[in-house]
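Since the structure comes first, as C-alpha cells, the remarks are kept for the end.
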C-alpha cells in the first residue's frame, strides 16, 4: 500500500548508499521555485507519495496548470489538471530538475529566474 507524504525529515543524514527520496525532492521543489509560479503544492492524497514516487501540482505564471510526477527518472508533466494524471506515451519528456521543466514550459519563469540571478549578482557586487 502506498503511503501519503508526512513532512520530510530534513535532519536525516543522507549517505551515498541512500536512494533519492522523491517525497523529499517534492518538498524541496515546492520551496525552491515558489517565486516563479502562481501556485505550487503537494498533490492530493489520491496520488501516491513515497520514497520512489511523488506528485506535485503547479500553475505557471501563464496560467498553465499541471500535475508533475517526480521519480528516479526525473520530473515529468503527467496531467493538465491538479491531481489528475493522463496515460503517458513512450516519448514522455522527463526533466532532470524542476528548474529545467519550468524553463522549458514557462517563459515567465525563465524571465523571473534570470532577473533573480541578476539581482543577486548585483547585490554581491555592491557588498564586495
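The values are calculated or read from the model by the stated rules, or taken from the named source; none is laboratory data. What you see is a predicted model; the values in this text were computed from it and never measured. We place every Cβ from the backbone using ideal geometry, glycine too, and count neighbours over all the protein chains shown.
Descriptive notes on the structure:
- Residues located in region 98-110, provided they are free of Cβ contacts under 8 Å to residues at least 40 places away in the same chain and surrounded by fewer than 18 Cβ atoms within 10 Å (Cβ to Cβ): 100, 103, 104, 110
- Number of the exception - residue 47 against (1) surrounded by 17 or more Cβ atoms within 10 Å (Cβ to Cβ); (2) under 25 Å from residue 110 (Cβ atoms): (2)
- Qualifying residue in region 85-92 (condition: under 16 Å from residue 29 (Cα atoms) and more than 11 Å from the chain's Cα centre (by Cα)): no
- The set of residues in region 100-117 that are part of a helix (DSSP H, G or I) and either out of contact with any strand residue (DSSP E or B) (no Cβ under 9 Å at 6 or more places or on another chain) or at pLDDT below 95 (or both) comprises 107, 108, 109, 110, 111, 112, 113, 114, 115, 116, 117.
- Qualifying residue in region 81-90 (condition: at pLDDT below 95, over 22 Å from residue 44 (Cβ atoms) and surrounded by fewer than 16 Cβ atoms within 10 Å (Cβ to Cβ)): yes
- Residue tally, condition more than 20 Å from residue 94 (Cα to Cα) and in contact (Cβ under 8 Å) with a residue 40 or more places away in the chain, over region 37-58: 1
- Considering residues of region 19-58 that are in a strand (DSSP E or B) and within 11 Å of the chain's Cα centre (by Cα) only, the residue nearest to residue 103 (Cα to Cα): 58
- Enumeration of residues in region 59-71 that are in contact (Cβ under 8 Å) with a residue 40 or more places away in the chain and assigned to a strand (DSSP E or B): 70, 71
- Scanning region 24-39 for residues that are closer than 21 Å to residue 117 by Cα and either surrounded by 16 or more Cβ atoms within 10 Å (Cβ to Cβ) or modelled with pLDDT under 95 (or both) yields 29, 30, 33, 36, 37.
- Scanning region 72-99 for residues that are closer than 20 Å to residue 50 by Cα and not in a loop (DSSP other than H, G, I, E, B) gives 74, 75, 76, 77, 78, 79, 95, 98.
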